[in-house]
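Structure, as structure tokens:
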Amino acid sequence: VSALQQMLYQRSLDIENRLDSVLELIRHGGYSTPMLAEKLGVSIPTVSRGVTALRQRGHDIRSTRTDDGWSFVLYQKKPPNTAGETNSRLKEARV
């Protein structure tokens, strides 16, 4: 494996790990873009790109107004009921 291939692999791995961290923090709730950037030690645009990538992967991440400003909330689709029908309504509670 060449040094370039190793670099590209490591960069991809770093990005995936960062996306996992962003998703985990959003899952716990209460984080704004600047707060996520500070917590992860990255820039605000990097966090914004990460949130966009997670949304493109199907995560229902929304911004919600709080007393302190804006923060992210992760919503999850309800599981299918026992009759096998899919229910696309969203939970109102945080995940």
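The values are calculated or read from the model by the stated rules, or taken from the named source; none is laboratory data. All figures in this text were calculated on a predicted structure; none of them were measured in a lab. Positions of Cβ are generated from backbone atoms using ideal geometry, with glycine treated the same way; all protein chains shown enter the neighbour counts. Just the protein is used for accessible areas: all its heavy atoms, side chains included, with ligands, DNA and RNA removed. Shrake-Rupley method; radii C 1.70, N 1.55, O 1.52, S 1.80 Å.
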Quiz prompt | Residues located in region 1-22, provided they are under 14 Å from Leu74 (Cβ atoms) and surrounded by 13 or more Cβ atoms within 10 Å (Cβ to Cβ) | solution = Leu19, Ser21, Val22
Exercise. Output the residue which, of all residues in region 58-95 that are under 12 Å from Tyr31 (Cα atoms) and over 17 Å from the mean Cα position of the chain (by Cα), is modelled with the lowest pLDDT.
Key: Asp68
Quiz item: Identify, please: which residue in region 23-77 is part of a helix (DSSP H, G or I) and in contact with a Ser or Thr (Cβ under 7 Å, 6 or more places away or on another chain) and is, among those, most open to solvent (accessible area, probe 1.4 Å)?
Solution: Ile44
